[in-house]
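Undergrad: Next up is a structure, given as structure tokens.
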Amino acid sequence: MSTRVLTGITTTGTPHLGNWAGAIRPAINASTLPGTDAFYFMADYHALIKCDDPARVARSRLEIAATWLAGGLDPERVTFYRQSDIPEIPELCWILTCVTAKGLMNRAHAYKASVDQNTAKGVDPDDGITMGLFSYPVLMAADILMFNANKVPVGRDQTQHLEMARDIAQRFNHLYGGEYFVLPEVVIEESVATLPGLDGRKMSKSYNNTIPLFEGDAKSLRAAVMRIVTDSRQPGEPKDAEGSHLYTLYRAFATEAESSAFRKELEGGMGWGDAKQALYERLDRDIAPMRERYQALMAHPERIEDILQAGAEKARKLATPFMAQLREAIGLRRHTAIAVANKATAKKSSKAARFVSFRDDDGTFRFRLLGADGQELLLSRSFENPKEAGAVMQRLQAIGDQDILHVDGLAYTAVLDGAAIAQGPAAADETQRDALLAQVRQALAAQG
Ligand code: TRP
């Protein structure tokens, strides 16, 4: 049994060195582990929550796709797709929205933080908050539950969203009485590098302290590395390797042996300029071949498109039938299915007891009451005209469970207005007669 690992990448911005070491590289490595069935996708519907600039959204999802592919993601091995190419995801999102308590969403950290900010500013608590932001966790639950992921590697800030996805899955399973959804588990990768940015704080676009990954060329990488903040120790003075961001960055790319050699040089008094040059060279050794692939891909967006279309097709092979099952579960069924069900019931009832009229050999009209198994329960007397026979038959049908049966030895008759209008077959013994009587009563009650 393989483990399905799924994660989404919100397509805002251009991946930087920190994204690479902290998320992309470990995810690509994890996708090659045996027993892993990885689903990686671009959360471009999520991007719309944060960004209403179409050009930026379009550019970012292209850059991110190219980054993952250039970084070595094998789209044959992994299911790699765009969220917006899977129409089943927003469809599931709505269905889940209908089983999600609003109160659960009220507790979402991201939403609460926005409300708190508004309150602090003295504006309306919901100022600038869209329904997209508010129900963000439901869309994320749909991403995960659509493919019944077992494990979801995410940053620590996403833990609550995973708990919510589990809650929503459980609620749906309970409401519709089935194990439709697997309960996903969050995976927080503790060992993954958090890279410092140029100023030493966590590398992040919001701090404006990032080092580009593939953007520009080797020169832009070098230029950024040269801007990393260091202390004022001069060449020749021993450096505090552990305390320096340069060393942290170096270690995130180098082997143990390379790192300890670098450390010794720093402690031995290597100048910061030389150290930066060494860091740049070490980074570019890894990045240069990938940058080349990245640029080739970016020059041919149609190749990326083909790969993503193939990925979407792979994903929809699972999503489409699963969605059909879910629609069935919640009652959004085709009417043809209802017609088939009706037919089945109709067939069943044709097997129930029934009246049948017929014309006898002598030209008179009679009817029979037949049991479910076709056994004759009553045979009417003969009538001169069919209308009369029909009228009596209708009265019998309407009579329900009133006792009109008269037992006469091993036989019985049905009596209306004091006249015998039908008789039962001769039974072999009392037990058989009583069984037939019971069937007639049941049949009449069912008609009435
Ligand atoms: N919300 C996630 C983030 O900001 C991105 C994301 C969207 C995601 N859908 C997902 C992550 C499903 C894991 C699974 O990082």
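Quick note: the coordinates plus some simple rules give every number you see, no bench work behind them. For clarity, every value in this text was computed on a predicted model and none was experimentally measured. Quick reminder, even Gly has a Cβ in these numbers, built from the backbone with ideal geometry, and neighbours come from all protein chains shown.
Undergrad: Mind checking which of VAL78, VAL229, VAL123 has the largest fluctuation in a GNM of the chain, springs on alpha carbons under 10 Å?
TA: In this elastic network of the chain, the residue with the biggest mean-square fluctuation among VAL78, VAL229, VAL123 is VAL123.
Undergrad: I want to check the label-to-label distance for SER232 and GLN442. Put each point 7 Å from Cα in the C-beta direction and report it in nm to one decimal.
TA: A separation of 10.3 nm, rounded to one decimal place.
Undergrad: Continuing with the same structure: Please list 3J(HN,Hα) in residue order for region 12-17, calculated via the Karplus relation 6.51 cos²θ - 1.76 cosθ + 1.60 where θ = phi - 60°; whole Hz, with x for glycine and proline.
TA: Values, residue by residue: 10, x, 10, x, 10, 4 Hz.
Undergrad: A follow-up question, please. Taking the Cα centre of the chain as origin, work out the dipole magnitude from +1 charges on Lys and Arg Cβ and -1 charges on Asp and Glu Cβ, in debye rounded to 20.
TA: Details: 52 positive and 57 negative charges, 101 e Å.
For this selection, approximately 480 debye.
Undergrad: In what sequence, highest mean first, do 408-419, 187-198 appear when ranked by Cβ atoms within 10 angstrom?
TA: On the way: 408-419: 13.6, 187-198: 15.7.
Output ranking for 408-419, 187-198: 187-198, 408-419.
Undergrad: Separate question: Over the chain, how many percent of alpha carbon pairs lie in each 10 Å bin up to the one with the longest distance?
TA: All Cα pairs, binned at 10 Å, distribute as 4, 15, 19, 15, 10, 7, 7, 7, 6, 4, 3, 1, 0 percent.
Undergrad: Treating cross-link reach as a plain straight distance, find the aspartates and glutamates whose alpha-carbon is under 15 Å from the alpha-carbon of LYS264, omitting any fewer than eight places away in the same chain.
TA: GLU237, ASP240, GLU242, GLU256, ASP274
Undergrad: How high is the relative contact order of the chain, in percent, with contacts defined as C-alpha pairs under 8 Å that are six or more residues apart?
TA: Numbers: 631 pairs, mean separation 57.7, N = 448.
13 percent.
Undergrad: Take the cross-link list LYS50/LYS314; LYS112/LYS239; LYS205/LYS276 and give me the ones stretching past 32 Å between alpha-carbons. Present the calculation step by step, with values, prior to reporting the outcome.
TA: Numbers: LYS50/LYS314 28 Å; LYS112/LYS239 44 Å; LYS205/LYS276 22 Å.
Checking Cα-Cα distances, LYS112/LYS239 exceed 32 Å.
Undergrad: Which listed residue (ALA275, GLY311, LEU369) has the Cα farthest towards the positive end of the charge dipole for region 248-388, taking +1 on Lys and Arg C-beta and -1 on Asp and Glu C-beta about the Cα centre?
TA: Of ALA275, GLY311, LEU369, it is LEU369.
Undergrad: Can you order the peptides 35-47, 356-368 by their average number of other Cβ atoms within 10 Å per residue, highest first? Could the numbers behind the result be given before it?
TA: Values: 35-47: 21.2, 356-368: 13.1.
Ranking the peptides 35-47, 356-368 by packing returns 35-47, 356-368.
Undergrad: Where the only charges are on Cβ atoms (+1 Lys, Arg; -1 Asp, Glu), what is the dipole of region 90-153 about its Cα centre, to the nearest 20 debye? Walk me through the numbers before you get to the answer.
TA: Details: 5 positive and 6 negative charges, 49 e Å.
Dipole magnitude for region 90-153 comes out near 240 debye.
Undergrad: Something else: Could you size up the charge dipole of region 354-446 around its Cα centre, putting +1 on the beta carbon of Lys and Arg and -1 on that of Asp and Glu, and report it in debye to the nearest 20? Walk me through the intermediate numbers first.
TA: Values: 9 positive and 14 negative charges, 70 e Å.
Here the size comes out at about 340 debye.
Undergrad: Then there's this: Summing -39500 (n - 2.57) over the DSSP H runs of n ≥ 4 in the chain and dividing by its residue number, what mean residue ellipticity at 222 nm do you reach, to the nearest 500 deg cm²/dmol? If you can, show how the numbers build up before the last one.
TA: Working: 17 runs with 223 residues, N = 448.
For the chain, the value works out to -16000 deg cm²/dmol.
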